[in-house]
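Below: the structure, in structure tokens.
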Amino acid sequence: MSQYCSTRFANILHQVDSLNPMGKLHMNDTIVSSIYNATENISQQVVSQREKPKIDWDKKLDDVLTSRVFGFPSMLLLLGMIFWLTVAGANVPSAMIAETLFWGQDRLTDLCNYLHAPAWFHGFFVEGIYRCLAWVISVMLPPMAIFFPCFTLLEDLGYLPRVAFNLDRLFKKAGAHGKQSLTMSMGFGCNAAGIIACRIIESPRERMIAMLTNNFVPCNGRFPTLIALAGILVFGMGNTFGATAIVVGIVLLGIAVTLAVSWTLSKTLLKGVPSSFTLELPPYRKPQIGKIIVRSIFDRTLFVLGRAVCVAAPAGAVTWLLANIYVGDLSILAHCAHWLNPFATALGLDGFILMAFILGLPANEIVLPILIMSYLATGSMTELESIEDLYNLFVVQHDWTWLTALCMMLFSLLHYPCGTTLWTIRKESGSSKWTVLAALIPLGIACTICFIVAQTARALGWV
Amino acid sequence: MGLTHQSCGSGVNKEAFHKGPAKTNYVIALAGNPNTGKSTVFNALTGLNQHTGNWPGKTVLRAEGKYTHQGLVYNLIDLPGTYSLLANSIEEQVARDYLCFGQPNATVVVVDATCLERNLNLVLQVLEITSKVVVCVNLMDEAKRKKISININSLAQILGVPVVATAARDGIGLDQLVNAIAGVANGTIQTNPYVVQYSEVIEDAIGKLEPEIKQLVGEQFNSRWLALRLLSKDQTVIAELKKLYPSEDRLQSKVGGELLA
């Protein structure tokens, strides 16, 4: 039976050859034009436009937002506005949440005293885990609750494809695929999601470039860190605009590094010619404010917070243990930090900061909390309610300079991606070699740039 | 960019876990141009009953979701957004192969009311492959804002399939859409799809080829469409058919193999 069918099918193929020898029917051309005629005919019958709108607002807006002259400035302005709102608006709610949570810590301490709990119990659970969680929640929640809805608003308005459109030309020049601007935008949300998004790039070479460089834009988990550090950097000046400018500058630096690394990769390891694609700009849409708030609170704010809490609790425990188990005169953490210190100092950091980045591999959200934990284990402060307390802890008690804060921001922006992202790269590329490179390339760049910045600043006597 | 809690962090790696064959009464494909609100329709119908995966052997992401309507389970397959089905890209090929060889019980084509003409291209191409189609004219609110009006009834009459006007972002028209899908899937709504007429030479060639193909594939596939694809020497379709009807020498070697075993 099936043999009968296959003979039949072979006969049909023969007949096709005789009906359309050498493609003389020009099938694809005629098919396309016939379909176009049909659609024109149908839509003339069913569509009517009562009056042409006098002004095409979408087009007017696009003429500004995607123009060569105003495209980038308007992009910076919108981004700057969002960061400014975040920086300026986050401190008050942060302090309120911190006050509540640290009141809770005092009550837990009272409870431990009442129960005559051993000191290590109080240290491990209250000063280790609870304090780390309280810090994560009070300092991360308000900026996220402001930043994410604003960012989602831009998404909902249909602005993000315009960003991709503006950047498209640059990515082509860097030897990468225009769609990489889309995957990069996705990376602002989450680098792991950005890596998955790289599937939209067909060419394996360009997909690999996009995957290896996605990490250079700060994700959800790193924005709170960057915003807090920018706050410390300008703390003395009490200037929220300064902090905004720094965060915007860091984001731009991330994009510049993305382009530079893409260019280098396309000229060395991943040589080839960029392929082209058409990007259609969707219409601007009236945002649904209510849905945006609900969606960004649940899908981003609480998600990131949840992840941070899940990782911060064990990290808080591990850090407390490392900081409180003594070998000789020093804790394990201090031993490690001292050992790392010469190298870290050369990069403008200190040993504790580098340890925080190493322990923070599972999730970037917890780097700053771990650092605070490590400092607090040796310092005397018990509460952190605002950037001011953070400033006191870092600058007054641990001898930070502006260079330390700047180098930590740079390192945070450029260093290896988080564990989840690396795992995703491993899955998507199917290659351990590329996964290792995806960690080593950013690490190398982070070390190099921090080293150059730190040594230059010191050589010029700025610090 | 549609970042949800499922698509961030460690959640992105969870796609591989299929929950096994849950009971499904109908499989519905969802097609449409990019930026027509296809995902909004998908999300509005399936709610949180979604999971993502990969098209086998392809790098294109696939989303699947379920919803129930009058006690029956509908599995909604979100096809990649495409402008046509002429297989110019992986997305187009995935969508086309699924519509032809995946044999969904019904296909919903989401079109943008503000630029209907451009979107009808895809509708006509889908109608060439399958007659079980529901056209969802989405973004009616946008069209109204732009003072565009569409005669839905006459569009339905011309296309010969149910046409539903929706504004999926506000949930308008989804009830009618669900009803139309049910009707087409269970056969209570009979369709009479619009046929694109080609030039005389091509129609002649189709006329000669179609009966032969019909004898081979029966009612399983659309023989007119297969005739068109074969005349275009479409290698992916030929390869797919070769899989179904393997050539004689391969067949013999298989028989030989069985004899040896």
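The values are calculated or read from the model by the stated rules, or taken from the named source; none is laboratory data. Only a predicted model underlies this, so the values are computations on that prediction, with no experimental measurement involved. Every residue, glycine as well, gets a Cβ built from its backbone with ideal geometry; the counts of neighbours run over all protein chains shown. The protein model used for the area step is the full one, side chains on, heavy atoms only, and it has no ligands, DNA or RNA in it. Shrake-Rupley method; radii C 1.70, N 1.55, O 1.52, S 1.80 Å.
Checking each residue in region B:53-78 for being open to solvent by 50 Å² or more (accessible area, probe 1.4 Å), at pLDDT 70 or above and among the polar types (S, T, N, Q) picks out B:Thr68, B:Gln70. Taking the condition within 23 Å of A:Asp29 (Cβ to Cβ), touching a Cys at 6+ places or on another chain (Cβ under 9 Å) and in a helix (DSSP H, G or I), does B:Arg224 pass? Spelling it out, it is not the case that B:Arg224 is within 23 Å of A:Asp29 (Cβ to Cβ), touching a Cys at 6+ places or on another chain (Cβ under 9 Å) and in a helix (DSSP H, G or I). The condition (being open to solvent by less than 10 Å² (accessible area, probe 1.4 Å), touching a Phe, Trp or Tyr at 6+ places or on another chain (Cβ under 8 Å), under 24 Å from B:Val164 (Cα atoms) and more than 13 Å from every other protein chain (Cβ to nearest Cβ)) is satisfied by just one residue among B:Ala29, B:Ala95: B:Ala29.
Select from region A:12-40 the residues that are hydroxyl-bearing (Ser, Thr, Tyr) and within 18 Å of B:Gln197 (Cα to Cα) and write down the one among them that is most open to solvent (accessible area, probe 1.4 Å).
A:Tyr36
Taking the criterion of being in a helix (DSSP H, G or I), open to solvent by less than 80 Å² (accessible area, probe 1.4 Å) and within 7 Å of another protein chain (Cβ to nearest Cβ), the residues of region A:41-50 that qualify are A:Ile42, A:Ser43, A:Val46. If we scan region B:202-209, do we find a residue that is hydrophobic (A, V, I, L, M, F, W, C), touching a Phe, Trp or Tyr at 6+ places or on another chain (Cβ under 9 Å), on the phi < 0 side of the Ramachandran plot and more than 11 Å from every other protein chain (Cβ to nearest Cβ)? No, the conditions are met nowhere in region B:202-209. The residue pairs whose first member lies in region A:341-356 and is more than 17 Å from A:Val453 (Cα to Cα), whose second member is among the polar types (S, T, N, Q) and surrounded by fewer than 21 Cβ atoms within 10 Å (Cβ to Cβ), and whose beta carbons are closer than 6 Å, counting only pairs six or more residues apart or on different chains, are A:Gly351/A:Asn341. Determine, yes or no, whether A:Pro369 is more than 21 Å from A:Phe394 (Cα to Cα), touching a residue at least 60 places away in the same chain (Cβ under 8 Å) and not basic (Lys, Arg). No; evaluated as a whole, the condition is false for this residue. When B:Leu122, B:Leu209, B:Leu177 are checked against the criterion of being surrounded by 21 or more Cβ atoms within 10 Å (Cβ to Cβ), part of a helix (DSSP H, G or I) and either more than 18 Å from the chain's Cα centre (by Cα) or free of Cβ contacts under 8 Å to residues at least 24 places away in the same chain (or both), B:Leu209 stands alone in meeting it. Within the option set A:Phe171, A:Phe165, being modelled with pLDDT of 80 or more, within 23 Å of A:Val64 (Cα to Cα) and in contact with a His (Cβ under 9 Å, 6 or more places away or on another chain) holds for one residue only, A:Phe171. Would a scan of region A:118-133 turn up a residue that is in contact (Cβ under 8 Å) with a residue 40 or more places away in the chain and within 25 Å of the chain's Cα centre (by Cα)? Within region A:118-133, one or more residues are in contact (Cβ under 8 Å) with a residue 40 or more places away in the chain and within 25 Å of the chain's Cα centre (by Cα). Of the helices (runs of 4 or more DSSP H) lying entirely inside region A:239-350, those containing at least 1 residues that are away from every other protein chain (no Cβ under 14 Å) and closer than 27 Å to A:Pro149 by Cα are A:240-267, A:289-296, A:302-324.
Restricting attention to region B:100-108, does a residue exist that is modelled with pLDDT under 90, open to solvent by less than 10 Å² (accessible area, probe 1.4 Å), among the hydrophobic types (A, V, I, L, M, F, W, C) and closer than 30 Å to A:Ser203 by Cβ? Scanning region B:100-108, I find at least one residue that is modelled with pLDDT under 90, open to solvent by less than 10 Å² (accessible area, probe 1.4 Å), among the hydrophobic types (A, V, I, L, M, F, W, C) and closer than 30 Å to A:Ser203 by Cβ, so the answer is yes. Each residue in region B:98-140 was checked for being hydrophobic (A, V, I, L, M, F, W, C), in contact with a Ser or Thr (Cβ under 9 Å, 6 or more places away or on another chain) and away from chain A (no Cβ under 14 Å), and 6 of them qualify. All conditions in (1) touching a Leu at 6+ places or on another chain (Cβ under 9 Å); (2) β-branched (Val, Ile, Thr); (3) open to solvent by 10 Å² or more (accessible area, probe 1.4 Å); (4) in contact (Cβ under 8 Å) with a residue 40 or more places away in the chain hold for B:Thr114, with the sole exception of (4).
Take the residues in region B:1-51 that are modelled with pLDDT under 60 and of a type in the set (A, V, I, L, M), then tell me which one is nearest to A:Asn364 (Cα to Cα). Of everything passing the filter in region B:1-51, B:Val12 is nearest to A:Asn364 (Cα to Cα). Scanning region B:125-136 turns up one or more residues that are open to solvent by less than 10 Å² (accessible area, probe 1.4 Å), outside any loop (DSSP other than H, G, I, E, B), without any contact (Cβ under 8 Å) to a residue 40 or more places away in the chain and not assigned by TED's automatic domain parsing to the domain that holds B:Lys233.
State the number of residues belonging to region B:215-224 that are away from every other protein chain (no Cβ under 11 Å) and at pLDDT 85 or above.
Of the residues in that region, 2 qualify.
Within region B:82-92, the set of residues being under 21 Å from B:Leu116 (Cβ atoms) and open to solvent by 30 Å² or more (accessible area, probe 1.4 Å) comprises B:Tyr83, B:Leu86.
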